[in-house]
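The next block holds one structure in the form of structure tokens; read it before the comments.
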Amino acid sequence: MLGYLSHNEMVVQVEGRTCEAPSGKFTGPCIVSISNPNCNNVCKNEERLLSGICKKDLRCYCTRNC
């Protein structure tokens with residue numbers, strides 16, 4: 001007689017914390033409606049971080065895992 005053993009696995013997804021810091025490579029003023037896609041591209045492609053966003057102080061901020 002063949003027996004069947006069921007192995008239950010529990011996968012826990014841990015949501016990581018993120019931190020923001022001014023971009024070191026974005027140049028010029030970062031205006032939300034105009035520059036936001038460029039800021040995001042610089043952070044993701046040139047700085048190899050998660051994302052980028054323009055803030056009220058007209059600077060590009062990159063998001064990374066803490």
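Some notes on this structure:
- Filter result (touching a strand residue (DSSP E or B) at 6+ places or on another chain (Cβ under 6 Å) and modelled with pLDDT of 85 or more) within region 1-18: Thr18
- Annotation: of all residues in region 31-57 being in a loop (DSSP other than H, G, I, E, B), modelled with pLDDT of 95 or more and of a type in the set (A, V, I, L, M, F, W, C), the one that is surrounded by the fewest Cβ atoms within 10 Å (Cβ to Cβ) is Leu50.
The values are calculated or read from the model by the stated rules, or taken from the named source; none is laboratory data. Every value quoted in this text rests on a predicted model; they were computed, and no experiment measured them. When we count neighbours, we look across all protein chains shown, and the Cβ atoms used for this are built from the backbone with ideal geometry, even at glycine.
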